[in-house]
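Data first, discussion second: the structure below is written as structure tokens.
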Amino acid sequence: MISPSGNPLLLFGGILLVTLAIVLDALAYRLREVQHKSLTGRGVVISLFAGLLMGSFYPFVSRSMTGEHALGPYPNELLSKVTWFTPNETEAAFYTGRLERTDPTATASDLRNQGLTNLVLKLGSRGAYLATQEGQPHRISSFPVRAVDTTAAGDAFNGAFATGLALRMSPLESARFASAAAALSVTRSGAQPSMPSGAELQQLLDSNLSLR
């Protein structure tokens, strides 16, 4: 198995920046609600500062996971125990070594060769790619929406995908359900406030039956 030995101070520093960013983002939204205004100068400044903190997080994590004491990629023995792997293209590149954007079929093949069996590759505005151990791969189309803020779109996708599986939907149905959730989440600002309701999801799915 693995014996992680990455730099804990760098990793903690990155996590601290993200935590501060989340707190400041929540504070900005609270100011907007309290003052009953759609936009305030103070809220904009806080949101921008939170965004800078969030952006500063990634170099810390990268430095803690690369080099002589890298935390990953992980051995096939460990990856083979993962039931569902749902990376975006950047995360998938960490495991495949393909830094450039490639066809998802090739990416999925590389990941399967490392022991992963069930995959959903999140492709942003290009939809998603589903590959399972038991069935044929499927390309899930994205939903036509006007994107405002892509924050937490991946989280919306993962949460909805897990919900779909828990509701005994098929992997393909769950992936389409998740794609709808991600699409709705980018139509509004913020992370938690952008998460769609079940009714909103069903409405979007019903109005886009041709994408099935």
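The values are calculated or read from the model by the stated rules, or taken from the named source; none is laboratory data. Everything quoted here is computed from the prediction, not taken from an experiment. Positions of Cβ are backbone-derived with ideal geometry, glycine not excepted, and every protein chain shown enters the neighbour counts.
Evaluated against (1) modelled with pLDDT under 90; (2) β-branched (Val, Ile, Thr); (3) out of contact with any Lys or Arg (no Cβ under 8 Å at 6 or more places or on another chain), residue 132 falls short on exactly one condition, (1). When segment 172-212 is filtered for residues that are closer than 20 Å to residue 137 by Cα and buried (at least 20 other Cβ atoms within 10 Å of the Cβ), the ones remaining, listed by number, are 174, 175, 176, 177, 178, 179, 180. All but one of (1) buried (at least 16 other Cβ atoms within 10 Å of the Cβ); (2) modelled with pLDDT under 90; (3) out of contact with any helix residue (DSSP H, G or I) (no Cβ under 8 Å at 6 or more places or on another chain) hold for residue 108; state the number of the condition that does not hold. Going through (1) buried (at least 16 other Cβ atoms within 10 Å of the Cβ); (2) modelled with pLDDT under 90; (3) out of contact with any helix residue (DSSP H, G or I) (no Cβ under 8 Å at 6 or more places or on another chain) one by one, residue 108 breaks only (2).
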